[in-house]
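**Q** Submitted below is the structure of interest, expressed as structure tokens.
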Amino acid sequence: MVVNGTDVSVKGIPDISEAEIMNYIDYVQEKTEEPVDAISITRRADGTVALDYQLRPQKFERIRRITGYLVGTIDRWNDAKRAEEHDRVKHGLH
């Protein structure tokens with residue numbers, strides 16, 4: 001089911017209300033300070049509740065320092081500058 005844009009899976013709690021589900025979502029968002037994409041609410045054998053969740057993917061923009069300037073993309077560079085960037089030695093992580 002989907003509650004307030006969050007994919008929700010409930011196991012072992014047949015009488016859970018939408019308000020209670022929202023409280024669990026709000027609890028996770030408060031602790032992580034990130035929006036929740038999906039949450040699984042499961043009642044354990046000892047009566048406690050397990051919360052498994054996935055956070056909504058965040059947009060990531062790569063910023064590089066090239067010739068002393070911080071740039072996000074090179075789409076506005078002229079051909080000579082693009083060729084200079086292309087010819088540089090790239091170092092990978094091991």
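**Q** Rounding to the nearest 10 and keeping the result within 0 to 90°, find how far the Cα-based axis of helix 18-32 lies from the longest principal axis of the chain.
**A** The angle comes out near 40 degrees.
**Q** Based on the mean of other beta carbon atoms within 10 Å per residue, what is the order of 16-22, 71-77, most packed first?
**A** On the way: 16-22: 12.9, 71-77: 10.6.
Final packing ranking: 16-22, 71-77.
**Q** Set the Förster distance to 25 Å, then compute FRET efficiency between residue 93 and residue 37 from the Cβ-Cβ distance, nearest 0.05.
**A** The pair residue 93/residue 37 has a calculated efficiency of 0.35.
**Q** Arranged by the count of other C-beta atoms within 10 angstrom, fewest first, what order do 51, 93 take?
**A** Ascending number of Cβ neighbours within 10 Å: 93, 51.
**Q** So, in Å, what gap is there between the alpha-carbon centers of the stretch 1-38 and the stretch 65-94?
**A** Distance between centres, Cα-based: 43 Å.
**Q** Additional query: Quick one: compute a quarter of the convex hull surface over the Cα atoms of the stretch 1-55 and quote it in nm². Please report the intermediate quantities before stating the final value.
**A** Numbers: hull surface 14.2 nm².
Quarter of the Cα hull surface area: 3.5 nm².
**Q** Can I ask one more? Averaging sequence separations of C-alpha pairs under 8 Å and six or more residues apart, then dividing by the length of the chain, give the relative contact order as a whole percent.
**A** Taking the mean separation of contacting Cα pairs over the length of the chain, I get 19 percent.
**Q** Then there is this: Taking neighbour counts of Cβ atoms within 10 Å as a proxy for exposure, in what order, fewest first, do 9, 40 appear? The partial results should precede the final answer.
**A** Details: 9 11, 40 14.
Least crowded to most crowded, the residues run 9, 40.
**Q** Then there is this: Give me P(r) over the stretch 31-94, computed from all C-alpha to C-alpha distances, binned every 10 Å, as integer percentages.
**A** Whole-percent P(r) values from 0 Å outward: 15, 27, 17, 17, 14, 9, 2.
Coordinate-derived values only; no laboratory data. This one's a predicted model, so the numbers in the text were calculated from it and none came from an experiment. Cβ coordinates were reconstructed from backbone atoms using ideal geometry, including for glycine residues, and neighbour counts include every protein chain displayed.
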